[in-house]
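Since every read-out is calculated from the coordinates, none of them should be taken as a lab result. Values in this document were obtained by computation on a predicted structure and should not be read as measured data. Virtual Cβ from ideal backbone geometry, glycine too; neighbours counted across all protein chains shown.
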């Protein structure tokens, strides 16, 4: 099972193994995947009592938009892309506001 997932989310590019966002992300995205991703690479937002973030640094700008759109389509969550990490221009997080369509308690049960 994990080898199947690895072949979907990782590619050999320029002799290096690189994380990629598959074009069929909307078909793969579900609450379990988001919960695991959040537990691995997310946390509570610091400036709001119930908002959350998930790290998006390893993705291209096009992939971040694809992920943002998938969250909207699959869950109705209007996540935003925020710059993170101070002066490094390539660091971004996905911010999930607590009031995103009133769905935070349905999907963000881990907050």
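As an exercise: evaluate residue 22 against (1) in contact with a helix residue (DSSP H, G or I) (Cβ under 9 Å, 6 or more places away or on another chain); (2) in contact (Cβ under 8 Å) with a residue 24 or more places away in the chain and give the number of the one condition it does not meet. The one condition residue 22 does not meet is (2). The set of residues from the stretch 25-43 being touching a strand residue (DSSP E or B) at 6+ places or on another chain (Cβ under 7 Å) and either loosely packed, with under 14 Cβ neighbours inside 10 Å or free of Cβ contacts under 8 Å to residues at least 24 places away in the same chain (or both) comprises 37, 41, 42, 43. The residues of the stretch 67-89 that are surrounded by 13 or more Cβ atoms within 10 Å (Cβ to Cβ) and touching a helix residue (DSSP H, G or I) at 6+ places or on another chain (Cβ under 6 Å), listed by number, are 70, 74, 75, 76, 77, 78, 79, 81.
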